1. Quick one: compute a quarter of the convex hull surface over the Cα atoms of the stretch 18-137 and quote it in nm².
2. Which residues' amide hydrogens lie under 5 Å from the amide hydrogen of residue 97, considering only partners 5 or more residues apart or on another chain, with H built in the peptide plane?
3. Taking 21 Å as the cut-off for C-alpha to C-alpha distance, list the pairs among 40/125; 40/129; 77/124; 77/115; 25/109; 3/25 that go past it.
4. Quick one, can you get me the convex hull of the C-alpha atoms of the stretch 63-134 expressed as volume per residue in Å³?
5. In percent, what relative contact order does the stretch 63-134 have, based on Cα pairs under 8 Å that are 6 or more apart in sequence?
6. Please list, ordered by chain and number, the residues whose modelled amide H lies under 5 Å from the amide H of residue 66; skip anything fewer than 5 residues away on the same chain.
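What follows draws every value from the coordinates through simple rules; no lab data is involved. This is a predicted model, so every value here is computed, not measured.
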Amino acid sequence: MKKFSLIVLGILIVAQLAVPFSMIKSRENILRNGELYRFKTRPIDPADPFQGRYVRLVFESDYIECSEEEESELTYKQPVYAIMGTDSDGYARFADWNLEQPESGAYLKTHYRRKYTVRHPESKKRIFKGIRIHVPFNRFYMAESKAPRAEVLARDATRNTNCWANVRILNGNAVIEDVFAEGQSLRDLAAQEGK
């Protein structure tokens, strides 16, 4: 009986170590082999009591243009595959969507959130533009002492210039590689500010 308990304990220990190792390995694979996209962003800096300090990112492009007929096929939180593209300035955008996994090209596995509408400046009526999707990479974790300084620097930078996140995408999954403000990494800016 004692031998059986030791075997079960050994299996539990291996399982507990395998899960985080698998998660780390998956993220590193995406960072090494994923296709790089630059997303325009507006940062905010909250704290998570369980996961630490991070810069929360709000992306300018979290929608896909489509017709109302196409949108009417979707239900809240329905899985979709967002096809990646870039705009004329080289920033990432979601070019199209599909209910089936694409066979080639970069895509993000996500889900439908709601209609995307904009207000007409003169008539003030809402005009349908497409669908909003969930962007699963919206937290950039940093050292506890650097995140607040980095957020202030990024917020100041977005008033004068662009702020963006470099995101690697591979097989529908995405990982934030770095966030930039004033053309410099937030990590580098926070380190310089701290000196």
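1. On the way: hull surface 42.2 nm².
So the mean shadow area of the Cα hull is 10.5 nm².
2. 83
3. 40/125; 77/124; 3/25
4. Considering the Cα atoms of the stretch 63-134, their hull volume per residue is 100 Å³.
5. After rounding, I find 37 percent.
6. Amide H to amide H, under 5 Å and 5 or more residues apart or across chains, residue 66 pairs with 130, 131.
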